[in-house]
Structures are given as C-alpha cells and as structure tokens.
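The structure appears below as structure tokens.
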Amino acid sequence: MNGYDGISRRDLLKMGLFSSALMMSGAYNELFAMTNSASGVKIPHATHFGAVMAVVSGSRVMGVEPHKNDYAPTSMLYSLPEYVHSQNRIKYPCVRKSFLAGKRDTSLRGCEEFVRVDWKTALDLVAKILRDVKENYGNESIYRPSFAGWSHPGVIGRPDILQGRFMGLFGGFTDTIGDYSAGAATHILPHVMGGLEIYSYQTTYEMIAKHTKTMVLWGSDPFKTFRISYSVPDHTRIEWFVNMKNAGMKFISIDPVYTETAKFMDAEWIPIKPNTDVAMIMAICFELFTTNEYDSSFINKYTVGFDIFKNYITGKHDGVRKSPEWAEKICGVSAGTIRRLAFEFRKTGTLLTSHYGCQRADNGEQFHWSLITLACMLGQVGTPGGGYHFGNGGLSYSGKVMPRRMSQGRNLARTVIPASRIGEMLLNPGRTIDFNGNKITYPKISLLHNMGSNIITQQPNTNELLEGMRSVENIITHEIVWNATAKYSDIVLPVTSTFERNDITYGDPYSHTHIWAMKQVIPPLYEAKDDYWVLTELAKRLGFEKEFTEGRSQMDWIRWSYANVETNMPFEQFWRQGFIEFKVPSKNKRFVRLEDYRKNPNTSPLFTPSGRIEIFSEKVASFGYDDCPGHPTWIEPKEWLGADLAQTHKYHLLSIHPKHRMHSQMDNISLKEQYKIKGREPVVINPEDAWELGIKDGDLVEVYNERGSIICGAQISSTMRRNVVRVDEGAWYSPEDACGVGARCLGGNVNVLTPSRPTSKLAQACAAHSCLVSLKKIQGKIKNNEAYKNPVVITEE
Amino acid sequence: MKRSIIICYIALIFVFSIFTAFASGYGWLNKDIELTDVSGKKTALLQFGSPISDGKLTAWMRKGDKTLYSENGRITYGILYDLSSAVETGSAKQGMKEVLIKGFIKSDYISQTLEAALSSYEDMYYEICSSCHSAINHRRFSVEQWAGIMSSMKTHAKISDSDAAGLYRYIKLVITE
C-alpha cells in the first residue's frame, strides 16, 4: 500500500500503466482519441471543465489545449469552441411579440415568435418592469432562481452573484435556501455533526491511499462527479483513484448502477434497489449490534442517543427487528451478503464514501445520518483510513489565500424558499410550509428573473413548473443560448460566454492549488454583452450605478480581486502567463477528518447541543415531524419498487448526472452524437427488463407516469439493476405541443417525470430520485426532437 | 479582608474615572482592544460587542477561569491577562462572580449602539459570506451549529482564523443579543 508514494502521473505514463489501465477500462479512452491540431494565437483561460490555452484565429476559437496540470481532460473541455460558436447562440436582445405590444398572455410563452430589439429598448423595458413590480407588488415578488453559480466560474462575473448584488441594492428579492445538490444533507447534518460536514474538508487522499484497505462507494461515481468542478478542475482526483487501484485497494460499490468508477476499480457490485440504502444500513447496524461486533467504546465516548437507536433497530419501538432478513425484502440484497459486509466493514481501514445522490430521495435526510451512525458503530471515525468520507473533499489544502470575490451583500426582502420548491411556490402564494423547525410562507411572484440558470431542465416536475410560470406576469432571462428557459421568457438578453469576457478564478475549491487568469479569448459574438455591463446599465437607469460598480470596471474588479492573492507576482505577469501554482505543505497532506475529536472529544467537541455525534437528536425530535424523527429511521419512500404504485409503474427511474455535459450545458453540440439515440436522450434498461418489454437496443421508447411523458432511445445494458432505468438529467426540453402544458417531451428531459415532492418537512429538499415510471416501445412515427431549434426572431434587417 | 475591600473600592473609583475620562457613558466596543494600566502593562483583552454601561465594563467570571462572560454566560467579553485588574463587586450567582475591569480605552472604540459597534463585521459578513451563495439569515442555524459551519466554510471563504473568529462572534451577537 505504501507503494503509491513517489509514483507520479509521469512515472505511470512512462511505465505505460496509466494509459493501459485507463484504456482497458474504456472510461477515459477519450483522452487518447482526442487530438488538437488547431493553430493560431494562444490565450489562457479557465472553465468549469478545466484550464486551457484557447487557440484563436481572428474572432473564432479554433481549438483548446488543456493545461499541463490537467490529469484527464474531458470531451467537454475539447468541445468548448463548438459550444461557444454553437448555432443556438442568442444573437440579439429579444422580446416576445405580444409582450412587446403590451399584452400579458402568459400561455403564449414557448410558442410565440420573438422580436429583435436594440439594447436600449430592451434595457429600458427591463428597468420599467423592475420599477413597476417593485412599486405595485414589493421586492418580495421578484424571484431569483439562480443561486448556484454553475454557468461561469469567475469570481467577478458570476451571474448569480452579480444578480444578488444588483437585486439587493434594488431593495431585495425572494431567494433560495439550500441547493439541489445536497439540500437534505446540509439541513440534517448540522443537527447530527454540528456542521455541514458534506462540504467540509475530508481526510486527504494521501492518508486514504496509505491507510484505507477497503473503500465503499455508496451511491458514488467519482469518475463522473469529478469531471467538472465548481471552480476549475485539474482532475487530479482521478489520478488518486488510479493510484489507489494500482496500489491494490479493494472497492465495493453499493449502487443500483454499475458505474464507470466501479468498473474501472474492479469493484464488487452490490446492486441495491434505489432508495433502500437506509434499510440496508439499519440491517448492518443490527448485525453488528446483535453479534456484539460493534465498537461500544467508540459509541459510549463519542456519541449520544445510541440506546434509543438500538431499541429501534432491535424492534423494541415498533416490533420490527431491522435484521438482514428484514432488509433483504426491502433492498434486494441478500441477508447473507449483508452479514458478510457487516463483518468485512469491521476490519481496520474501511472507508464509507458517498456523495449526494442517495439523499436526493424521499426522506433523504436519513441517508447520511444512517451512514454516520454505521461508521460510529464500526469505530473508525477520525482514523486515517477509516470512518466516512463525504462529498468532494480529499485533495490536500495549499493554505493559500485566493482571489477576493465579488459579493452579493444584503438582501433586504428576506423572503426565502428552499431549493426545489419553485413550482409549488408559484402555484400556491400564501401557503405556509414547515421548514427545519420554522415556518415559511410563499410570496406571490410577479417577476422571475433568470441569470445563469436553466430552470426548465433543472427543476423537478417540469409540467408543474410550466403551470406555475404561467401565473408569473414577467419572465426575464439573460442567456447565452436558446435553451428552454430562454424560449419560455418574455424578454431575453444575450450575454457573453466565458471565452468572451475577462475574469479571474481559483483552482479546486478544496485544494486551492491554482489561481487562473480567465482572459478574454474572442470579442463578444453578435450583440452579446457581459452580465456586468448589462446590470450596470440597468443600475444606471434605476439610480444605483455607483453603488453597484463602486466606480470599477470589470477589469478593475479583477485587479482588486488579485490584490488579495498571496503572491509577489505582479498582476501583469500573472495575466500574461495565465496561472499561479501553489504547493501543498506536508502537514496539510496528513489531514484526517475528526482526528482532533477522536483524540479528545472534551477539548475538541463537536458543535452539537451535546458536543458529541448525535445518533439521537433531541432538537430534531422536538420538531415532531413524522417524516423526520429524532434518530436514523427507515421510512418507506412515496415512490419506490416496494410501493403500491409499483404495481402500475414497475420501473424506478434514476435521473443522475450526465457524462458528456454539465447539467444542460453542452446538450446542444455534436458531443451528443456520441450517446444520443436517434436524437433522443438514452434510457438505459436492464437486458431482462428490455426483453420483457419487447424493447431492443436503439428503439424509441416512451417513458411515462402521471406527471408526464418523454421520448428516449433505448440503451440496453447489464450495468442496470433489474426494474431500474436511468435517464440522465439535463436533456433540453422539446414539448410536442409548445403552447400546452403536459405535452410529451421529444428530447427526453427527465424532469418531466420526476416529482417535486420534498424530502421531508425538515429540509424540504429535492427528492427527484424517488420516481416510478412505465415504459413502452414507440410504434409508428414520432415527431423529431426540436430542442435545438431556435425560436423565430422577427428582425427588421 | 477589610483592606482588600478598601483596595477594591479604590480600584473601582479608578476604573470609573478611566471610563469617564476616555469613553462616553454607554455603548459597545466596536473592536477588540487590549487594556493597559497606568504603567502601560497589558491587563486584559476585551472583545468587540462587549457593553460599556454607565462608564463601566461589568463581566462575570468563574473560579480558576480568566475568561470574562456576560451575565447569562452565553457571550464572552474577553480574557484577563492579570487577575488583579478585575475588581469583584460582591455579586455572585451560579458559581460566577461579578467583576469590574479597569484599564484605558479610547472613546473612538465605543459605539452608541450594538448595531454600530458590529457594522464593520456586518460588512465583512455580507461581503465574504455572499460571494458563493447568498448571505444566510443568521438565525437559520443555532450558535453551536454556526461554529461548525464556520469551521467548514472558513477555508472555502479563504479567510484567516482571526477573521473567521470575528465573523463567528458577530453572528453569535446578532443571534443572542
């Protein structure tokens, strides 16, 4: 196991191990298939897909060269030039025809032509709408759906941050709490661990590679997750996994899908039924407890509430023993396998890893809470190679101060809704809901103002959202391309892509090993403008330009940001060379999550009411929520293979992240030819299920439930568990009837099918993975997928 | 015993005179300050947001602990370097004794309202903690949870330990005061 030390990527390459290992897996053969022969001027830039030298000829990006420090450049990175120059670029400011004429028929959105207007007309109109909405309905009636910042990694020009700053100065807006990614975990874990935990620094890969013997990938596919980054990826996480495999680490994948990571790692696959992870975890806990194989000293010293939990798993509360036999009927994993895993997990150096997918389900709060409880019973929390490991932490930390970031400032409106509640809010103004021990009342929304967010593919239950959007008088969208949200807007403002604007950013959000110059590569295309320019112009019209800009241009802000960086390098030199790289101090490579707590829980207590890991939380129990009691509990999802509804809809649908796009970004470019089937998003089906359904590879299939229907291309694969199908999220929406709500989506936008139902009253988070569907083969002809067809824009040219 | 009481009273008079001389009657410290005695020796660290009332800084101490607490024990006001710089008032409850602190302090460091005293930290909160996500309503998490969240977020926010500590104290004061 120590053999990994000192073996670098270059060494591996020299030995041929790296390329042969990756090639054999098929996971990264794109690395070697891609070549870049473009010539021209080279300009440094950085993106969510990686850092590059953009090769430019005239005003066209001819190609990109990955940065030398990028371990595994992806197909998406190489596709950036095509994305920037795509035929879907919005060329001019546009206003929906009848809207421009003063009519407010919201049912025409999506099927009416737009009219090209000049920037002055567009900005004057937007400023008037903002003024009118504020005056007539108050700032709470303005809703900003964008909150996550996945459209642009720069620290100055990020649309959501700029919009928050602008709207805050305008008097405020209704905002979003939490996120789609990990909404359930981020609300339960502060009660359990005293912090967010899943966004905390985790034990470093250096320590894992050295000490972990068995890594459990519980609903986790790192090879896919780590292809992109919230800032700029260098894909060194992939390198760590390659090294760990080569060093002989054992991997176990507990997942309804046999993932690419599992395949590459030669992992043992435990094909669990979706949404039943908690039942399986309970059974492992039961087995450990009843065989007295759990670490009682760890439980006694570091946790509270185990007595209540043990009464639950042994059935003293409800008469149900959470035994392996009990769990087998729920999760589909044999009792023998559960017992074997319980025994294996007890061995030193077992690391339970997970990301966020398992908690995007009904009662998703229970997943991470349960896994932490299991880790406590195994007694390895706070050790170098054991315990749990959540989220994206793992790269060791440089400790360097990064560029200063533009801030949003205050939002005086103070009205907020949990992420995933958009449709419900729009349809139910005045409704009060429970939320983490509090109450929230939905405001009436009069203006939905989008920047850097494609909510029609992002939000579960598309038809509910579209119905809700009809109740909104005004929809304004700043966009790069004609995606569905732009098409369903009243006013569309064309903004620059990352290659057309200057910015600055940092490398991995955990390691902080790079600072990147995001130099403008080409002039703005068509009439596109930077978000900063657009909001400055609006602020000018609304009387707070000075407060918004503080007298700085975007380039001034970049210099202001750079001034915060711990370096002696002059800005001009940095801007010219494009990056600064920092080394990680040795001591940071030895970081172990909760090591201090394990050493002494009295001097390094957790920030929970008890100072300990709360297996039972009095606070959570005090809320009295039937869907989130005071300790980890198996609660049947509303939709799963054991539900009555499964008699009607026999397949559990997973809408996991796509490999070749970032959510909906890049769905419209030629990369889709690599994976779309007859122009539709694939639905991946187990071979036996496909045989029963009479579906063959490449057939067109309708996937449907009570919420809607989508058309997909069948991909038959034994990587799927039986009765589980997969349609990756992010395919552009293409309604069969653009004027109606409830139409079939011809492109396979999976959120037409997913529920907007919240996880529980505690987090009110996204539960899109609790979704049952039926499938049928399409007979006869069906309309083309028109997701990538631009709307008609009337111009006077 | 009587002698020590007399000394205390003398010290009290001294403290009164200092605060009267250098500060207005009421207010809150707007930054962390180190007090010095007449010889220039540092005697205590007082934290921003600590209240000055009627020209006095009143705090509560536990036996064997140099930390200065609010009456309910939920907020710290600072720490003594020199125990002799605290003068017991004679009040005691729940194992804590009330003390008065002596030292020099500039009136510039005292604001008339708690809001004004916290304004620079509030600015820092809204700048630093709204650059990835919106600034969170302070009461969304408990004081204890905020401590855990700050420890998670301080590296993401790319701030120093002292700024993180200042932000946490600001949040704590907003929630509890």
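Structure summary
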quantity	calculated
Backbone N within the stretch A:510-549 under 14 Å of label point (7 Å from A:Trp119 Cα along the Cβ vector)	A:523-541
Hits among aspartates and glutamates - C-alpha to C-alpha of A:Lys781 under 15 Å, sequence gap 8 or more where chains match	A:Asp699, A:Glu702, A:Glu736
Per residue solvent-accessible surface (Å²) - chain B, probe of 1.4 Å	49
Per-residue ³J(HN,Hα) for the stretch A:697-711, Karplus 6.51 cos²θ - 1.76 cosθ + 1.60, θ = phi - 60°, Hz, x for Gly and Pro	4, x, 5, 8, 10, 9, 10, 8, 7, 5, 8, x, 8, 9, 9
Shielding by partners - mean other protein chain Cβ count within 10 Å, residues of A:604-616	2
Length-normalised contact order of the stretch B:55-99 in % [C-alpha pairs under 8 Å, at least 6 apart]	37
Prolate/oblate/rounded call for the stretch A:66-211, Cα gyration tensor, a/c under 1.5 rounded	oblate
J(HN,Hα) series, the stretch B:100-116, from Karplus relation 6.51 cos²θ - 1.76 cosθ + 1.60, nearest Hz, glycine and proline x	10, 10, 10, x, 9, 8, 7, 5, 4, 8, 10, 9, 6, 10, 5, 4, 5
Fraction of accessible area attributable to carbon and sulfur, the stretch B:99-177 (%, probe 1.4 Å)	51
Chain-alone versus full-assembly comparison, the stretch B:121-136, residues with accessible loss of at least 30 Å² (1.4 Å probe)	B:Tyr126, B:Glu127, B:Ser130, B:Ser131, B:Cys132, B:Ser134
Per residue value of the accessible surface for chain A (all protein chains in place, 1.4 Å probe), Å²	34
Anisotropy class of the stretch A:607-657 from Cα gyration tensor, a/c 1.5 cut	prolate
Formal net charge of residues neighbouring A:Gln366 (Cβ-Cβ distance under 10 Å; K, R +1; D, E -1)	-4
Separation of alpha-carbon centers, the stretch B:81-111 and the stretch A:433-465, rounded to whole Å	51
Cα-projected label distance for A:Met555 with A:His317, points at 7 Å along beta-carbon direction, nm	6.3
Proximal aspartates and glutamates relative to A:Lys322, as straight alpha-carbon distance under 14 Å, when same-chain residues fewer than 8 apart are discounted	A:Asp277, A:Glu287, A:Glu636
Built amide H within the under 5 Å cut-off of A:Ser717, gap 5+	A:Ile685, A:Asn686
Cβ-based net charge around B:Asn137, under 12 Å, with every Lys or Arg adding one and every Asp or Glu removing one	+3
Flagged links, alpha-carbon separation over 31 Å, of A:Lys210/A:Lys301; A:Lys761/B:Lys93; A:Lys310/A:Lys650; B:Lys31/B:Lys93; A:Lys97/A:Lys224; A:Lys400/B:Lys31	A:Lys761/B:Lys93; A:Lys310/A:Lys650; A:Lys97/A:Lys224
Residues with amide H under 5 Å from that of B:Thr43, placed H, sequence gap 5 or more	B:Leu35, B:Thr36, B:Asp37
Leading residue at positive end of dipole, the protein assembly as shown (Cβ point charges), from A:Ile177, B:Phe104, A:Ser57	B:Phe104
Peptide ranges A:226-233, B:82-89, A:91-98 listed from the most packed, as the mean C-beta count within 10 angstrom indicates	A:226-233, A:91-98, B:82-89
For chain A: relative contact order, % (alpha-carbon pairs under 8 angstrom, 6 or more apart)	19
5 angstrom amide H check on A:Ser253, placed H, neighbours 5+ away	A:Leu217, A:Glu268, A:Trp269, A:Ile270
Carbon + sulfur, % of accessible area of the stretch A:396-541 - ligands and nucleic acids excluded, 1.4 Å	48
For peptides A:707-714, A:299-306, A:284-291, sequence by mean Cβ density within 10 Å, most packed first	A:707-714, A:284-291, A:299-306
Of all accessible heavy-atom area on the stretch A:55-97, the percent that carbon and sulfur account for (1.4 Å)	47
Hits among aspartates and glutamates - C-alpha to C-alpha of A:Lys91 under 12 Å, sequence gap 8 or more where chains match	A:Asp118, A:Glu479, A:Glu527
Distance (nanometres) between label positions extended 7 Å along Cα→Cβ at A:Arg340 and A:Thr432	5.4
Neighbouring partner chain Cβ atoms per residue of A:392-399, average, 10 Å criterion	1
Dipole axis of the protein assembly as shown (+1 Lys, Arg; -1 Asp, Glu on Cβ), positive-most option in A:Val472, B:Ala164, A:Gly694	B:Ala164
Counted charge near B:Glu98, where neighbours are those whose Cβ lies closer than 15 Å (Asp, Glu -1; Lys, Arg +1)	+2
Alpha-carbon centroid distance for the pair the stretch A:614-650 / the stretch A:687-766, whole angstrom	24
Where labels lie 7 Å past Cα in the beta-carbon direction, separation of B:Lys41 and A:Phe571 in nm	4.9
Karplus 3J(HN,Hα) series, Hz, for the stretch A:245-252 with 6.51 cos²θ - 1.76 cosθ + 1.60 (x for Gly, Pro)	5, 4, 7, x, 5, 8, 10, 10
A:Lys120, A:Lys672, ranked by accessible area, largest first (probe 1.4 Å)	A:Lys120, A:Lys672
Contact surface A-B: accessible area buried, both sides summed, square angstrom, 1.4 angstrom probe	2600
Centre separation in Å (Cα based) which lies between the stretch A:549-567 and the stretch A:488-529	16
Average other protein chain Cβ within 10 Å of Cβ, residues A:400-410	5
Taking the stretch A:586-638 and dividing mean pair separation by its residue count, relative contact order in percent (alpha carbons under 8 Å, at least six apart)	19
Unpartnered cysteines - no second Cys beta carbon under 4.7 Å - across chain A	A:Cys94, A:Cys285, A:Cys331, A:Cys358, A:Cys376, A:Cys628, A:Cys712, A:Cys745, A:Cys766, A:Cys771
Cα shape, the stretch B:27-80, gyration tensor, a/c 1.5 rule	oblate
Cβ-placed point charges (K, R +1; D, E -1), dipole of chain A about Cα centre in debye, nearest 20	860
Among the listed pairs A:Lys444/A:Lys789; A:Lys245/A:Lys659; A:Lys583/B:Lys41, those beyond 30 Å (Cα-Cα)	A:Lys444/A:Lys789; A:Lys583/B:Lys41
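The values are calculated or read from the model by the stated rules, or taken from the named source; none is laboratory data. All figures in this text were calculated on a predicted structure; none of them were measured in a lab. Cβ sites come from the backbone with ideal geometry, for glycine too, and all protein chains shown count toward neighbours. Note: accessible area is taken over every heavy atom of the protein model, side chains too, but ligands, DNA and RNA are not part of it. Shrake-Rupley method; radii C 1.70, N 1.55, O 1.52, S 1.80 Å.
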